[in-house]
Amino acid sequence: MRPRQSLPLLWLLSDARNDAGLEQALAALPAGSGFVFRHYHLPDEVRHARFAELATAARQAGHVVVLSGDAATARAWGADGVYGAGALERGAEDLLRLATAHSGEEIARAAAAGVDGVDGVFLSPVFATRSHPDAKTLGIHGFHVLAQQSPIPVIALGGMTKARADELGWPRWGAIDGLIAPPAC
């Protein structure tokens, strides 16, 4: 069993729509932040190559690198951890494990996974998002009710920006769009 490490406070998650700004965003994040590589839209070989590029950029900036996928792939690709369903797998305990949740039941499932549960959970959507504009959001109160009852560290996700994190009053948060600089006009 590996000792739990402290989780970064700030997380950037990759997506097809933020790909062009990822290197710049990784360089701009405070050292010790986290990066979750998703890029589900790419075929496996291309996805692996893009992961390698971004993992190098993230590590040069002093960030933790987590792969969305299974634990075996995360190990093979040299990721520090695994995100999503792979975090709930037995045998992933040697990796940093980050689950996703949208309810108290999903938080409980993540906490019970494996030997010690996962290391953290992305709880979403806190606010409306471009990814799921019509999804029911937790809102500030709903987020706090769930997060404060969680036995594992919670990372706020969904419509998050620095201003929204300040409004939420929660130190640990992640974003897809909220950490990418808008294009210059």
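The values are calculated or read from the model by the stated rules, or taken from the named source; none is laboratory data. No experiment lies behind these values; they were computed from the predicted model shown. Ideal geometry is used to build each Cβ from the backbone, glycine not excepted, and the neighbour counts take in all protein chains shown.
The table below gives the values:
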{"item": "Residues that are of a type in the set (S, T, N, Q), part of a loop (DSSP other than H, G, I, E, B) and closer than 18 Å to residue 98 by Cα, drawn from the range 116-151", "result": "124, 150"}
{"item": "Hits in the range 35-51 - residues which are in a helix (DSSP H, G or I) and either loosely packed, with under 13 Cβ neighbours inside 10 Å or at pLDDT below 95 (or both)", "result": "44, 45, 46, 49"}
{"item": "Residue 7 being out of contact with any helix residue (DSSP H, G or I) (no Cβ under 9 Å at 6 or more places or on another chain) and either in contact (Cβ under 8 Å) with a residue 24 or more places away in the chain or under 21 Å from residue 173 (Cβ atoms) (or both)", "result": "yes"}
{"item": "Some residue of the range 73-85 being over 15 Å from the mean Cα position of the chain (by Cα), small (Gly, Ala, Ser) and either part of a helix (DSSP H, G or I) or surrounded by 17 or more Cβ atoms within 10 Å (Cβ to Cβ) (or both)", "result": "yes"}
{"item": "Qualifying residues in the range 121-136 (those that are more than 15 Å from the chain's Cα centre (by Cα) and modelled with pLDDT of 90 or more) - the one farthest from residue 175 (Cα to Cα)", "result": "136"}
{"item": "Among (1) crowded, with 18+ Cβ neighbours inside 10 Å; (2) within 14 Å of the chain's Cα centre (by Cα); (3) of a type outside the set (Val, Ile, Thr), the one test that residue 143 misses", "result": "(2)"}
{"item": "Filter result (without any contact (Cβ under 8 Å) to a residue 60 or more places away in the chain and either over 10 Å from residue 54 (Cβ atoms) or surrounded by 19 or more Cβ atoms within 10 Å (Cβ to Cβ) (or both)) within the range 17-34", "result": "20, 26, 27, 30, 31, 32, 33"}
